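Asker: Input: one structure, supplied below.
The values are calculated or read from the model by the stated rules, or taken from the named source; none is laboratory data. Values in this document were obtained by computation on a predicted structure and should not be read as measured data. Quick reminder, even Gly has a Cβ in these numbers, built from the backbone with ideal geometry, and neighbours come from all protein chains shown. All accessible areas refer to the heavy atoms of the entire protein, side chains included, with ligands and DNA or RNA removed. Shrake-Rupley method; radii C 1.70, N 1.55, O 1.52, S 1.80 Å.
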Amino acid sequence: MRPAVAAVMLAGAATVAAAPAPLAKFDGLAISSDGRRVASVDTLQAADSAVPDSHGQVIVRNARSGAVEARYDPCAVCTYGGLTWSRDGQLAFIASDPVAGTAALVVTAGQLRTIATIEGVAQTPRWSPDGQRLAFLAVFGAHKAVGAIEAGRAQVGEIGEAEDEQRIVVVDAAGGAAKPVSQADTWVYEYDWKPDGSGFVATAAKGNGDNNWWVAKLVQLDMDGRAVTLVAPEMQIAAPHVGPDGRVWFIGGLMSDFGSTGGDLYAVPAAGGEPVDLTPGARFSVTSLVTTPRTGVVTRQAGDRVEIARVAADGAMTVVWSGPVAATAGATDSGVAVADDGRTLATVVSDFAHPAEILAGTGDRPALKAITTANAGHPAYVAARSVTWTSEGRAVQGWLLTPLGGPAGAKRPMVVDIHGGPSAFAGPQYLWNGVDRALIDHGYAVFKPNPRGSYGQGEAFTRANVRDFGGGDLRDILAGVDAVVADGSIDGARLGVFGHSYGGFMTMWTVTHTARFKAAVAGAGIANWISYYGENGIDQWMIPFFGASAYDDPAVYVAASPLTTIKAARTPTLIYVGERDVECPAPQSVEFWHGLKAVGVPTKLIIYEGAGHRLRKPEQVHDREDQTVAWFDRWLK
């Protein structure tokens with residue numbers, strides 16, 4: 001069996017297996033109210049596959065021994081998600097049928113029962129406190145998959161009409177008609193039942209769901225759809241729950257993408273009012289929140305570590321587990337699954353050298369131990385270490401990844417991988433495949449910095465690049481490059497840089513502000529913030545970071561645009577983007593490619609047909625990896 005969490009290490013001492021077994025993935029982790037069982041959606045990923053088998057099975061395990069107690073797979077083509085337990089031990093989940101375009105709410109109570117089916121998309125089912133009803137989020141007749149990273153619909157016909165709406169739907173647990181209870185013109189992002197079952201607390205906004213999360217309000221909804229705004233803060237809000245003190249708790253902060261959560265923990269009276277910051281001045285970022293009748297539990301990114309902490313009614317936090325050199329806690333929307341007693345926890349942990357396993361434990365400070373061994377035979381493919389350095393008085397952290405073995409004393413070329421966001425964090429993940437793994441296999445070191453604007457060091461650090469995109473964060477990255485090159489194992493004359501999304505913008509910005517890098521790959525970047533403002537499907541995200549729209553303060557947008565300084569570019573740059581990218585539309589990549597060609601810089605542009613912000617088709621994912629490695633090989637070797 002894998003060792004307990006406290007023994008999980010990042011050092012990669014294992015040898016590479018010639019033909020590794022499929023990799024097991026555990027998603028949607030949920031623990032029963034009594035803490036005796038855990039459920040997850042288990043999928044397998046073949047060694048030569050870019051993505052896991054999306055079908056999978058719902059597996060129920062004993063929370064102490066890990067013994068499999070039940071398997072559910074009611075639909076041969078469905079994907080499963082949204083696992084949730086009732087207090088009397090019933091498990092519910094969503095079965096989505098991509099062929100029929102339907103989503104079914106399934107309940108296990110001795111046998112499987114489908115209690116509601118809709119045409120469209122459904123997610124996040126939750127049992128009412130008395131177990132008599134279920135709520136879930138539904139998009140009836142969805143035109144696209146939920147989320148701005150998914151491929152947008154074709155931009156033809158009258159634009160901006162017939163927006164999708166995500167609503168809270170309620171159905172009796174015994175079955176019957178599924179009744180929408182939230183307003184038809186409102187997109188509900190996240191929600192939870194009120195403890196008395198009379199309604200919900202939620203984050204919601206009018207209009208386009210992809211765009212308006214950045215202006216979402218914290219609301220209280222009754223069963224007739226009436227909404228009362230509790231707070232409309234000048235920040236982004238996530239994970240609304242009623243806390244053990246009766247107030248509504250949520251995570252608030254500067255966040256650049258829905259689902260990439262980080263900030264402080266806040267509480268607001270149930271009747272509304274001024275939110276109170278429960279973690280002012282914290283040197284960590286709260287990344288998830290779940291509440292029980294007795295306590296709250298959060299995950300926190302603190303430097304290079306993930307911490308699980310209990311939260312008392314007054315907001316005081318007690319760390320009950322801390323991952324060694326930042327093992328990654330959580331593969332669920334709450335980061336950690338918590339039983340009603342608040343003392344029994346389960347989570348999913350992986351790091352650069354170890355693939356995911358489910359961990360569980362109970363107690364005031366639970367000794368979380370692996371209850372699965374599905375990936376025990378998988379080796380490490382990389383050596384990884386956390387690196388810290390100082391930049392302009394700030395402590396900055398990142399990760400240096402290097403191949404296992406190799407000639408003693410040889411200096412390696414290095415590629416800097418800049419994460420997206422900017423409000424995000426480059427953390428440990430098992431290098432089964434992907435661009436980083438491909439580069440490691442070809443002899444490169446990979447440096448993954450977390451400059452200002454990242455999570456992990458508190459809200460002030462996350463806000464430190466507001467109205468300064470490409471300024472202080474680039475200086476932080478360059479200072480980090482200096483630090484790792486000074487160690488003597490990296491060839492400072494053979495450096496590359498790449499990134500996707502905000503990392504794509506930063507790559508474009510970097511090559512127009514320094515000639516230090518000899519090759520670059522910019523994925524789904526932003527070249528011209530003025531034209532981007534009018535092209536993208538999520539312009540609301542820019543206001544918190546720029547302070548005003550591009551029409552009210554164009555100067556700050558122009559100053560941050562790589563095209564403004566395109567004549568300084570010297571670095572050969574490969575550019576790629578999805579044809580239907582909502583977040584960073586393809587014309588931005590075309591503009592930068594055109595600019596590089598105009599100033600005589602070697603460049604290449606690839607637009608992936610039908611793809612969104614995240615590439616989904618395996619052949620496109622593989623091609624992106626092959627093209628990236630070939631580009632760096634051409635210019636760095």
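Asker: I need the semi-axes of the equivalent ellipsoid of segment 437-518: take the C-alpha gyration tensor, multiply each eigenvalue by 5, square-root it, list largest first in whole angstrom.
Answerer: Working: eigenvalues 104, 41, 34 Å².
In descending order the semi-axes read 23, 14, 13 Å.
Asker: Can you give me the P(r) profile for segment 306-458? Cα pairs, bins 10 angstrom wide beginning at 0, each as a whole percent.
Answerer: 10, 33, 33, 19, 5, 0
Asker: Can you give me the angle between helix 618-636 and the longest principal axis of the chain, using Cα atoms only, in degrees from 0 to 90, rounded to the nearest 10?
Answerer: Orientation of helix 618-636: about 30 degrees from the principal axis.
Asker: Let me ask you something else. Quick check on segment 348-433: take the gyration tensor over C-alpha atoms, sort the square-rooted eigenvalues as a ≥ b ≥ c, and tell me if it's rounded (a/c under 1.5), prolate or oblate. It would help to have the intermediate numbers written out before the result.
Answerer: Working: a/c = 2.27, a/b = 1.34, b/c = 1.69.
Verdict is oblate for segment 348-433.
Asker: Here is a further query. Within the chain, what's the longest run with no GluC sites (Glu not before Pro) in a DSSP loop and at most 14 other beta-carbon atoms within 10 Å? Give the range, please. Walk me through the numbers on the way to the answer.
Answerer: On the way: sites that count: Glu158, Glu161, Glu234, Glu392, Glu609.
Looking at the chain, 393-608 is the longest stretch - no exposed GluC sites (Glu not before Pro) with at most 14 other Cβ atoms within 10 Å.
Asker: On to the next question. Using unit Cβ charges (K, R positive; D, E negative) and no other charged atoms, how large, in debye to the nearest 20, is the dipole of the chain about its Cα centre?
Answerer: Working: 52 positive and 65 negative charges, 333 e Å.
Dipole of the chain, to the nearest 20 debye: 1600 debye.
Asker: If I stretch the segment between Arg36 and Asp97 completely, what's the gain in nm (0.36 nm per residue apart, minus their alpha carbon distance), one decimal?
Answerer: Details: separation 61, 0.36 × 61 = 21.96 nm, distance 3.04 nm.
Contour length minus Cα-Cα distance gives 18.9 nm.
Asker: What shape does segment 215-366 take by its C-alpha gyration tensor, where a ≥ b ≥ c are the square roots of the eigenvalues and a/c under 1.5 counts as rounded, a/b above b/c as prolate, and the rest as oblate?
Answerer: On the way: a/c = 1.87, a/b = 1.58, b/c = 1.19.
Taking the square roots of the gyration eigenvalues as a ≥ b ≥ c, segment 215-366 is prolate.
Asker: Which Cys in the chain stand alone, with every other cysteine's Cβ at 4.7 Å or more from theirs?
Answerer: Here Cys584 come out as lacking a disulfide-compatible partner, given the Cβ-Cβ threshold of under 4.7 Å.
Asker: Between Leu44 and Val590, 0.36 nm times their residue separation minus their Cα-Cα distance comes to what? It would help to have the intermediate numbers written out before the result.
Answerer: Working: separation 546, 0.36 × 546 = 196.56 nm, distance 3.68 nm.
Length gained between Leu44 and Val590: 192.9 nm.
Asker: Moving on. Return a whole-number percent for the relative contact order of segment 483-569, with Cα pairs under 8 Å and 6 or more residues apart as the contact set.
Answerer: It comes to 29 percent, rounded to a whole number.
Asker: Counting only protein heavy atoms and using a 1.4 Å probe, what share of the accessible area of the chain belongs to carbon plus sulfur, as a whole percent?
Answerer: On the way: 12170 of 23700 Å².
With neighbouring chains kept in place, the figure for the chain is 51 percent.
Asker: Hey, another quick one. For every helix of n ≥ 4 consecutive DSSP H residues, a contribution of -39,500 (n - 2.57) applies; sum these over the chain, divide by its total residues, and give [θ] at 222 nm rounded to the nearest 500 deg cm²/dmol.
Answerer: So the calculated ellipticity at 222 nm is -4000 deg cm²/dmol.
Asker: For segment 281-390, what does the alpha-carbon gyration tensor say about shape, rounded, prolate or oblate, given a ≥ b ≥ c as the root eigenvalues, a/c under 1.5 as rounded, and a/b over b/c as prolate?
Answerer: On the way: a/c = 2.53, a/b = 1.29, b/c = 1.96.
Oblate, because a/c is 1.5 or more while a/b does not exceed b/c.
Asker: Kindly give Rg over Rh for segment 532-611, based on alpha-carbon atoms, with the Kirkwood expression for the hydrodynamic radius. Working shown, then result.
Answerer: Working: Rg = 13.8 Å, Rh = 13.8 Å.
Result: Rg/Rh = 1.00.
Asker: Further question on the same structure: Compute the Rg/Rh shape ratio of the chain: radius of gyration over Kirkwood radius, all on alpha-carbon atoms. Don't skip to the answer; put the middle values down first.
Answerer: Values: Rg = 23.8 Å, Rh = 25.1 Å.
My calculation of the ratio gives 0.95.
Asker: Let me ask you something else. Hey, what angle do you get for helix 586-598 against the long axis of the chain, alpha-carbon based, 0 to 90 degrees rounded to 10?
Answerer: Value to nearest ten degrees: 0.
Asker: Once label points are set 7 Å from the Cα along Cα→Cβ at both Asp314 and Lys206, what is their separation, rounded to one decimal in nm?
Answerer: The two pseudo-label positions are separated by 4.2 nm.
Asker: Order the following by accessible area, largest value first: Val106, Val228. Probe radius 1.4 Å; ligands, DNA and RNA are ignored.
Answerer: Output order, biggest surface exposure first: Val228, Val106.
Asker: Taking one equal scatterer on every alpha-carbon of segment 157-227, how large is log10 of I(q)/I(0) by Debye at q = 0.11 1/Å?
Answerer: Reported log10 I(q)/I(0), two decimals: -0.29.
Asker: How far apart, in nanometres, would the label points at Ala630 and Thr229 be if each is projected 7 angstrom from Cα along the Cα-to-Cβ direction?
Answerer: Roughly 5.3 nm, to one decimal.
Asker: Exceeding 28 Å between C-alpha atoms, which entries from my cross-link table qualify? They are Lys518/Lys617; Lys518/Lys567; Lys411/Lys518; Lys411/Lys448; Lys25/Lys518; Lys25/Lys179. Before the final figure, lay out the partial values.
Answerer: Details: Lys518/Lys617 30 Å; Lys518/Lys567 16 Å; Lys411/Lys518 16 Å; Lys411/Lys448 18 Å; Lys25/Lys518 37 Å; Lys25/Lys179 34 Å.
Over 28 Å Cα-Cα: Lys518/Lys617; Lys25/Lys518; Lys25/Lys179.
Asker: A further question on this structure: For Lys369, tell me the accessible area in Å² from a 1.4 Å probe, rounded to the nearest 10.
Answerer: For Lys369, the solvent-accessible surface is approximately 110 Å².
Asker: Something else: In cubic angstrom, how much convex hull volume per residue do the alpha carbon atoms of segment 169-275 span? List each step's numbers first, then the result.
Answerer: Working: hull volume 11.6 nm³, N = 107.
Per residue, the Cα convex hull of segment 169-275 comes to 108 Å³.
Asker: Now for a separate question. With the contact rule set at Cα under 8 Å and sequence spacing of 6 or more, what percent relative contact order holds for the chain?
Answerer: 11
Asker: Still on this model: Leaving ligands, DNA and RNA out of it, rank Lys637, Lys567 by accessible area with a 1.4 Å probe, largest first.
Answerer: Details: Lys637 130, Lys567 160 Å².
Per-residue accessible area, sorted high to low, gives Lys567, Lys637.
Asker: A follow-up question, please. Go through Met317, Met414 and list them by solvent-accessible area, largest first, probe radius 1.4 Å. Walk me through the numbers before you get to the answer.
Answerer: Details: Met317 45, Met414 0 Å².
In descending accessible area the options line up as Met317, Met414.
Asker: Can you give the FRET efficiency for Thr114 and His55, using 1/(1 + (r/R0)^6), R0 = 25 Å, r = Cβ-Cβ distance, to the nearest 0.05? It would help to have the intermediate numbers written out before the result.
Answerer: Numbers: r = 18 Å, r/R0 = 0.70.
After rounding, the FRET efficiency stands at 0.90.
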